[in-house]
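Bear in mind these aren't lab numbers, they're just calculated from the coordinates by the rules spelled out. What you see is a predicted model; the values in this text were computed from it and never measured. When we count neighbours, we look across all protein chains shown, and the Cβ atoms used for this are built from the backbone with ideal geometry, even at glycine.
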Number of protein chains: 2
Amino acid sequence: MSFSFDHSQGPTLRHDPLSNRQVYLAPRRAARPNDLVNYRKIDCPFCIENSSLTPDPVQQWPSLEALHWKSRIIANRYPIVEVGDPATEIGGVAQSAMTTQSNMHAYGVHDVVIESPDHIESVLQIPFDDWVGVWTICQQRMKQLSTDSRITWATIFKNGGVQAGASLAHVHSQLIGINCIPPTISAKCDQLIHRPALFRNILSDANNQDRVIHNYKNFVAIVPPAPRQPFEAWLISKEPCCFFHTENQSCVEDVARFTQHFPAALEHLLPGASYNWWLHQFPFISSSTLHRAAEHWHWHLEALPRITPLAGFELGTGYHVSTMPPKTAARLLRDTGCWK
Amino acid sequence: MSFSFDHSQGPTLRHDPLSNRQVYLAPRRAARPNDLVNYRKIDCPFCIENSSLTPDPVQQWPSLEALHWKSRIIANRYPIVEVGDPATEIGGVAQSAMTTQSNMHAYGVHDVVIESPDHIESVLQIPFDDWVGVWTICQQRMKQLSTDSRITWATIFKNGGVQAGASLAHVHSQLIGINCIPPTISAKCDQLIHRPALFRNILSDANNQDRVIHNYKNFVAIVPPAPRQPFEAWLISKEPCCFFHTENQSCVEDVARFTQHFPAALEHLLPGASYNWWLHQFPFISSSTLHRAAEHWHWHLEALPRITPLAGFELGTGYHVSTMPPKTAARLLRDTGCWK
């Protein structure tokens, strides 16, 4: 899609006063390549032989000096958010285009995590040790962002497949840090403030209702109580913990395991199905209200298959619709035998 | 997708305590046919020659007695919500499977609006007078639902195309009435209670910011201030009005015009693009809190193109991402010349 308008315009965060919804408007993203939807062969910018097409990495595994990297993190060329013009930043806080509540500069950092030097499409093709390397550099990058006082919240997310919003086939994730707290995180904090035992209850309910998929050393993989799609699965930290970046090596390995087990099980049940996952950490900067939720937060990873598109009922009402009872989904996921 | 579980289980509305999100779980929907995704020829149940495959209509145009109908409303065979077993209903209120907050019977009426007797796929193939007929029977059905004390809110919605969640190609919409107020409507009521001039401001801002697409007699078509996708458009009633079903014939004709103008313009700009629309009416039963919003409500129709799938960032954060400035979208939509 290409229309005549100013694509160079910087990103803004806009507010819809009626729904109280926020929209990132990022005109420069309109120009991004799409080898999955257009079905045309492009020179894949993520392949190691095309490294010259992309900016220098901000993280790399084995190391920034190594010529033969296995994974790397680079700046996204078509970001949803941008740091913006330093000239418009005062005292470390982006002032720039902030005019009204309905139109403020979309501040932040948006990276791409290239998960393999080779043109492979699935995380299942990545050897486990290299996959742990991917999560290790994500952890390092997340640690960097957590020390940046202008970044309030950050996440890692994957769009796996066309139905999940992927535009390039080469296996990759994205990492984003913004200067606000997203609606989904605010909602969880609100719930937790009123019910400090919420995560404990979620874990015990999953156990009592036969929705546990797998017990890892530090985490539990469960089907949530009200899954949005068949086979939605969450990886939840067993103990309260705000952040992924403060976790030890054993935790990183558990995350690497889950993020190969889940796509393997889904592929077994629904070959070719798209899926997303994203990390739900606590905000980096706690307010007096949020503070009461911090000690009860269990950071978690939500993995959502994309089987049925969100249709008019879902988008018009805000309800989700699924067809598979959560207990059934847990049994079917377990029975694939992919969790070891 | 077919897995071994009890598909006969009635629908429930489930609550996710962490996100405070609600999910309709409707196992019987898993069996619904899908001629768009599976690309296999099915005996289309919506074609006039297959009328015997579907239940008797609850509304029909020209009339219930006519043999040669142009449009009709029938019960959805794979509903998201169901009236349920009358034996479990006490005093007109569904008690049935309501056990905990997290698992209650999904009460309601779910219809299909068959918009043509012929196997056509686009509303643009329907002659205007017949298309007014479709909206006329929708209005009649909505009037019926509004007098049912067990129905709190109802909507009409369309899934136009695979990306918008359509499963059958034959041109159709859906009509649903439920016993609760959806999150999107609650959010709008909340905003309106605090800002009674909200709709007036939305209309004047659209005018001042060059986001008006077309002026109808009773309505204005605008690009909203923070569109979720390029070319999102809303049809808003010029005067405060809670319900579509209380409107006169001239209004029904305006709605019919918009709902052909919008897909025509979108088709002109992005041939083959999917889209949804849905009606945002006020709840039928007003509470003491809601009451303050009722006199300021302007019922409206939201039309959302489905160009970019909702990806991990959108679903993980609750923000939307778009690439086209609203003013540009309004200009491009206007310039198609489809609005007359």
Charge sum, other residues only, whose C-beta stays under 10 Å from residue B:49's C-beta, Lys/Arg counted +1 and Asp/Glu -1: -2
Nitroxide proxy distance, nm - points 7 Å out along Cα→Cβ at residue B:287 and residue B:34: 3.6 nm
Which listed pairs, of A:158/B:238; B:143/B:217; A:327/B:188, have C-alpha distances above 31 Å, in listed order: A:158/B:238; A:327/B:188
For the stretch B:170-209 and the stretch B:262-304, distance of Cα centres in Å: 6 Å
For the protein assembly as shown: rounded, prolate or oblate by the Cα gyration tensor [a/c cutoff 1.5]: prolate
Top of B:305, B:325, B:283 by mean-square fluctuation, Gaussian network on chain B, Cα under 10 Å: B:325
Relative contact order (percent, whole number), chain A, Cα cutoff 8 Å, 6+ residue spacing: 16 percent
Cα gyration tensor shape of the stretch B:183-335, rounded if a/c is under 1.5, else prolate or oblate by comparing a/b with b/c: oblate
Gaussian network model of chain B, Cα within-10 Å springs - most flexible of B:328, B:289, B:152: B:289
Helix-only mean residue ellipticity at 222 nm for the protein assembly as shown, each DSSP H run of n ≥ 4 adding -39500 (n - 2.57), per residue, nearest 500: -7500 deg cm²/dmol
Test item: A:183-191 mean partner chain Cβ contacts at 10 Å: 4
Rg/Rh for the stretch A:284-340, where both radii come from Cα atoms and Rh is the Kirkwood radius: 1.12
Label spacing, shortest first and in nm, from residue A:143 to its equivalents in the remaining copies (7 angstrom along Cα→Cβ): 7.0
Cα gyration tensor, chain B - rounded (a/c under 1.5), prolate or oblate: rounded
Size of electric dipole in chain A: Cβ of Lys, Arg +1 and of Asp, Glu -1, about Cα centre, debye, nearest 20: 720 debye
As computed over the stretch B:224-313, the Cα convex hull volume per residue (Å³): 130 Å³
Beta bridge orientation in the stretch B:12-178: antiparallel %, DSSP, nearest 5: 95 percent
Rg/Rg_ref, the stretch A:12-178, where Rg_ref = 2.2 N^0.38 Å and atoms are Cα: 1.11
Other-copy label distances relative to residue A:36, 7 angstrom Cα-Cβ extension, nm: 2.0
Rotational relation B to A, axis-closest Cβ in chain B, residue and distance rounded to whole Å: B:310, 3
Listed residue (A:245, A:284, A:212) projecting farthest to the positive dipole end of the stretch A:150-297, Cβ model: A:284
Copy-to-copy label separations for residue B:103, where each label sits 7 Å from Cα toward Cβ, in nm and ascending: 5.1
About the Cα centre, charge dipole magnitude for the protein assembly as shown (Lys/Arg +1, Asp/Glu -1 at Cβ), debye: 580 debye
